[in-house]
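The values are calculated or read from the model by the stated rules, or taken from the named source; none is laboratory data. Every value quoted in this text rests on a predicted model; they were computed, and no experiment measured them. Ideal geometry is used to build each Cβ from the backbone, glycine not excepted, and the neighbour counts take in all protein chains shown.
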Amino acid sequence: MAARSLRVVSFLNQFFGQLGGEEKAGVGPQVLDGAVGAARAVQQALGDAGTVVATVVCGDNHAAEQADRAIPELVALVAAARPDLLVAGPAFLAGRYGVACGALCAAVQAELKIATVTGMHRENPGVELYRRRVYTVETGAEATRMLAEVNRLVALGLKLARGEAVGPPAAEGYFARGVTKNVVAGASAAERAVSMLLDKLAGRPFVSEVPRPAFPPVPAPRLVKTLEGATIALVTDGGLVPRGNPDAIEALNATRYGAYSIEGKSSLDAAQYDNPHRGYDTTWVKQDPHRLVPVDVARELEQSGAIGKLHETIYSTVGVATTLAHSARMGREIAEKLREAGVDAVILTST
Amino acid sequence: MRLELRWSVVDDLAPGPATRLAGRRLEVDVDGLRALLAADSRLTGVRLDLVHPGERCRIGRVFDVVAPRAKLDGGEDFPGVVGGVTRAGQGTTLALDGVAVVATDQQTDSVGTLAVIDMAGPNAELSAFGRTRNLVISAWPAPGTERSDYLAAVRLAALKTAVCLARTAREAAQPDRVEVFELPPSPRVPPELAHLPRVAYVFQIHSHQRPTGVDEGILYGDPVRRMLPTIVHPNEVLDGAVLRGFMGRSVTTWATQNHPMIKALYAQHGRTLWFAGVVVTVAQATEPERVRSAFLAAGLVAHTLGADGAVLTKIGGGAPHVDMAQAASQCEALGVRTTAVVEDMSTDGSAEGMLLFDLPGVDSLVNIGSSQEPLTLPAVDRVVGADDLAAKLLGETRATYGGLCGAIEQVGTTRVMAEVR
């Protein structure tokens, strides 16, 4: 049985929509009936599988300079055509165009729940901005192989519109979206490991199954004051909480942190604290919380004048299986609060 | 050292008047075995169930899975835990193929954290234990029994059962196949094979994220509390010297007894590589311990075993993952090329969270998938090992790959992997 013919909208810039060159880059969003300009390649690739019902066009400068207005207007034009699929571009190496394609696809997916696909060259800034959210097929830098490349966009777009399973990036030709999915490999992990090691030992090329993380290096800032004049805060991801865990910080995969006052305390009374952390043996820090958060020694340093002042609030979360996104957010929030409070330096204890 | 595994294939498991192997049919004297296991004063009440592949049955609360093995000569059964402390890995061991002993933990209450085995449907395909005939042990703690003592008792029951079942093969006329593991002392390489790269395996056998119990025998019955990296012969691992700790995740004793990395290295030994030996380590709890353990392990690999390359696996969660990577990095620093088997550590399915380290030289990684990825457990007709949770476990249930016992084995038995999309 033939699949239902799909309604498709094509998004193009002024050049590929045949409105004109750079002199027309300022034109605002407009819609043209049927397949116009490069959208005809989309129609050709679709064959009987679908019909380009409308071509939506926007000038590169307009889309780049007035994105806040242009994208919602374009979304409305797409919505009016009631498509099953939006094919944006391909934008090749055209930067403003690529960013507009990515932004429009992301907005259409999110607001209209309609499948989208775009395509561009790997150095197009639109790739890094949108590949996590939008299926972006890799193309050449220029439109020399337009039809072949549009064929690949459309093939992936049809799968997405029909809700069919999408294969891995290498097979489908899209930029990895940075999400992981369990699949069943052809050989056991042990066999793959031995084989990869033999390749590495022999100097043959091998492909690691895990991309290297792109943790940006965070240089430690220099303390501009002397320690004698500095306010020092204690922060930990080792899970120290007041008994009863008032902020309900999760034992694993934490999304919350707590701020706990140590005002008037020269040390921490073990009976008043607890530790929900499930990533390490907490026996010893429960027995004596100073093993994790050294309030006792810090107070002595404050008394003796070795440090200016101990900040009266400690911050604590549970650092185990925490997502990078939550870690970064919590770190940012804690850092902002510390800066507002005039803290100069932090002793961060981790486990 | 030479170890012979004499395999008898079992294709039916049924109750019978005596525990015996009748051709390929394993008959179990269920009442007799139950009485033997119930004699442990730490347990009150033991229940045994037999389940078969293809049955719409779910085993709940899986604690560990043990492969039936019994020494015919040359040593003790599970030395240091069942038998006396003596060297494992030599002589002859009887092994049954197609049958497994599944121990359940009746103190695990949260449906979200327990591990299950499905005997039919898509999940049976994902786990080796969906394809074996399983003898399931459910035992309850006697009043006043501490958790660690209870788990020690359950584990001992599983090991004794494994021995009892494998002993039936003594009477077998002919084993179905014989597997021989023979590795000379590591420096003795014949000149014609001296060109092969020497490869070691660094086997993390436990994680100190949680302290071990007194009776939590892991290496020859030792709870490895202060263990530093040490060298063992691979045959010792295959022959019952190493058992899983009580709180392992995505790791079974069965996988260690059929260790896939050791078998893969044996398979290539003398052909594409020279198997230089095994270093066992534990994941440490503090940074100084991790650093010390990492360079000691790397030293054994590079200086003692003289390896050119090493493969590494971990057990447990994030800290062991980093511990293994530190050992790999120390190996690389000594010129030993490494490949490590990692779990996808991301908890939100983002590729950015897959790894918890970025260390020099640790650039060739194999992954065993994400244990956090959701999985659907379809409705079944019968639940064993978790009678009181049957209402929840009979119907369609949400679980994760990590909750399906045997879908992911950290030592590398399994084929599930996380692909970046």
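Within segment A:218-249, count every residue that is in a loop (DSSP other than H, G, I, E, B) and surrounded by 19 or more Cβ atoms within 10 Å (Cβ to Cβ). Steps first, answer last, please.
Applying the first criterion (in a loop (DSSP other than H, G, I, E, B)) to segment A:218-249 yields A:218-226, A:230, A:237, A:239-240, A:243-249.
From what is left, the residues that are surrounded by 19 or more Cβ atoms within 10 Å (Cβ to Cβ) are A:237, A:239-240, A:249.
Residues in segment A:218-249 being in a loop (DSSP other than H, G, I, E, B) and surrounded by 19 or more Cβ atoms within 10 Å (Cβ to Cβ): 4 in total.
Can you find a residue in segment A:276-293 that is closer than 30 Å to A:LYS181 by Cα, touching a His at 6+ places or on another chain (Cβ under 9 Å) and touching a residue at least 40 places away in the same chain (Cβ under 8 Å)?
For segment A:276-293, residues closer than 30 Å to A:LYS181 by Cα, touching a His at 6+ places or on another chain (Cβ under 9 Å) and touching a residue at least 40 places away in the same chain (Cβ under 8 Å): present.
Among the residues that make up segment B:39-58, is at least one of them closer than 21 Å to B:GLY245 by Cβ and in contact with a strand residue (DSSP E or B) (Cβ under 6 Å, 6 or more places away or on another chain)?
Within segment B:39-58, the first condition is being closer than 21 Å to B:GLY245 by Cβ, and the residues that meet it are B:40, B:42-43.
Pick out the ones that are also in contact with a strand residue (DSSP E or B) (Cβ under 6 Å, 6 or more places away or on another chain) and you get B:43.
Yes, the conditions are met somewhere in segment B:39-58.
What are the residues in segment B:189-211 that are at the interface with another protein chain (Cβ under 10 Å from one of its Cβ atoms) and closer than 19 Å to B:ARG249 by Cβ, if any?
B:SER207, B:HIS208, B:GLN209, B:ARG210, B:PRO211
Taking only pairs six or more apart or across chains, which ones have beta-carbon atoms under 6 Å, a first residue in segment B:333-354 that is at the interface with chain A (Cβ under 7 Å from one of its Cβ atoms) and closer than 17 Å to A:THR322 by Cα, and a second residue that is among the polar types (S, T, N, Q) and surrounded by fewer than 20 Cβ atoms within 10 Å (Cβ to Cβ)?
Close Cβ pairs (under 6 Å, with a partner that is among the polar types (S, T, N, Q) and surrounded by fewer than 20 Cβ atoms within 10 Å (Cβ to Cβ)) amount to B:THR347/A:ASN253; B:THR347/A:THR323; B:ASP348/A:THR323; B:GLY353/A:THR323.
Quick check on segment B:260-269. Is at least one of its residues in a loop (DSSP other than H, G, I, E, B) and either under 28 Å from B:ARG415 (Cβ atoms) or out of contact with any Leu (no Cβ under 9 Å at 6 or more places or on another chain) (or both)? Lay out the reasoning, then the answer.
Here is the first cut: in segment B:260-269, the residues in a loop (DSSP other than H, G, I, E, B) are none.
Within segment B:260-269, none of the residues are in a loop (DSSP other than H, G, I, E, B) and either under 28 Å from B:ARG415 (Cβ atoms) or out of contact with any Leu (no Cβ under 9 Å at 6 or more places or on another chain) (or both).
Here is a check on your reading of the model: is A:SER327 in contact with a strand residue (DSSP E or B) (Cβ under 7 Å, 6 or more places away or on another chain) and modelled with pLDDT under 95? It would help to see each step written out before you state the result.
On the way: in contact with a strand residue (DSSP E or B) (Cβ under 7 Å, 6 or more places away or on another chain): no; modelled with pLDDT under 95: yes.
Considered against the rule, which asks whether it is in contact with a strand residue (DSSP E or B) (Cβ under 7 Å, 6 or more places away or on another chain) and modelled with pLDDT under 95, A:SER327 comes out as no.
Counting just the residues of segment B:387-413 that are part of a loop (DSSP other than H, G, I, E, B), in contact with a Leu (Cβ under 8 Å, 6 or more places away or on another chain) and surrounded by 24 or more Cβ atoms within 10 Å (Cβ to Cβ), which one comes out nearest to the other protein chains (Cβ to nearest Cβ)?
Step one: filter segment B:387-413 for residues part of a loop (DSSP other than H, G, I, E, B), giving B:395-396, B:405-413.
Pick out the ones that are also in contact with a Leu (Cβ under 8 Å, 6 or more places away or on another chain) and you get B:396, B:406-407.
The next check asks that each one be surrounded by 24 or more Cβ atoms within 10 Å (Cβ to Cβ); those that pass are B:406-407.
Values: B:GLY406: 13, B:ALA407: 9 Å.
Within segment B:387-413, the match that is nearest to the other protein chains (Cβ to nearest Cβ) is B:ALA407.
Just to be sure, is B:LEU375 assigned to a loop (DSSP other than H, G, I, E, B) and either of a type in the set (A, V, I, L, M) or more than 14 Å from chain A (Cβ to nearest Cβ) (or both)? Steps first, answer last, please.
Details: assigned to a loop (DSSP other than H, G, I, E, B): no; either of a type in the set (A, V, I, L, M) or more than 14 Å from chain A (Cβ to nearest Cβ) (or both): yes.
No; evaluated as a whole, the condition is false for this residue.
What pairs come out if I take residues in segment A:313-337 that are more than 14 Å from chain B (Cβ to nearest Cβ) and pair them with residues that are among the acidic types (Asp, Glu) whose C-beta lies under 7 Å away, six or more apart or interchain?
Short answer, once both residue conditions are applied: A:THR317/A:ASP237.
Do we have A:VAL57 as farther than 16 Å from A:VAL154 by Cβ and crowded, with 23+ Cβ neighbours inside 10 Å here?
On the way: farther than 16 Å from A:VAL154 by Cβ: yes; crowded, with 23+ Cβ neighbours inside 10 Å: yes.
So A:VAL57 passes the test.
Would a scan of segment A:215-222 turn up a residue that is more than 18 Å from A:ARG332 (Cβ to Cβ) and not assigned by TED's automatic domain parsing to the domain that holds A:ALA328?
Quick first cut of segment A:215-222, residues more than 18 Å from A:ARG332 (Cβ to Cβ) only: A:222.
So of that shortlist, the ones also not assigned by TED's automatic domain parsing to the domain that holds A:ALA328 come out as A:222.
Scanning segment A:215-222 turns up at least one residue that is more than 18 Å from A:ARG332 (Cβ to Cβ) and not assigned by TED's automatic domain parsing to the domain that holds A:ALA328.
Can you pull out every residue in segment A:188-210 that is within 7 Å of chain B (Cβ to nearest Cβ), part of a loop (DSSP other than H, G, I, E, B) and without any contact (Cβ under 8 Å) to a residue 12 or more places away in the chain? Walk me through it before giving the result.
The initial filter retains those residues of segment A:188-210 that are within 7 Å of chain B (Cβ to nearest Cβ), namely A:188-194, A:196-198, A:200-201, A:206, A:208-210.
Going one step further and asking which of them are part of a loop (DSSP other than H, G, I, E, B), we end up with A:188, A:206, A:208-210.
Correct list: A:SER188, A:PHE206, A:VAL210.
Which of the residues that make up segment A:120-132 are in a loop (DSSP other than H, G, I, E, B) and crowded, with 16+ Cβ neighbours inside 10 Å?
Keep residues of segment A:120-132 that are in a loop (DSSP other than H, G, I, E, B), which gives A:121-124, A:131-132.
Selection gives A:HIS121, A:ASN124, A:ARG131, A:ARG132.
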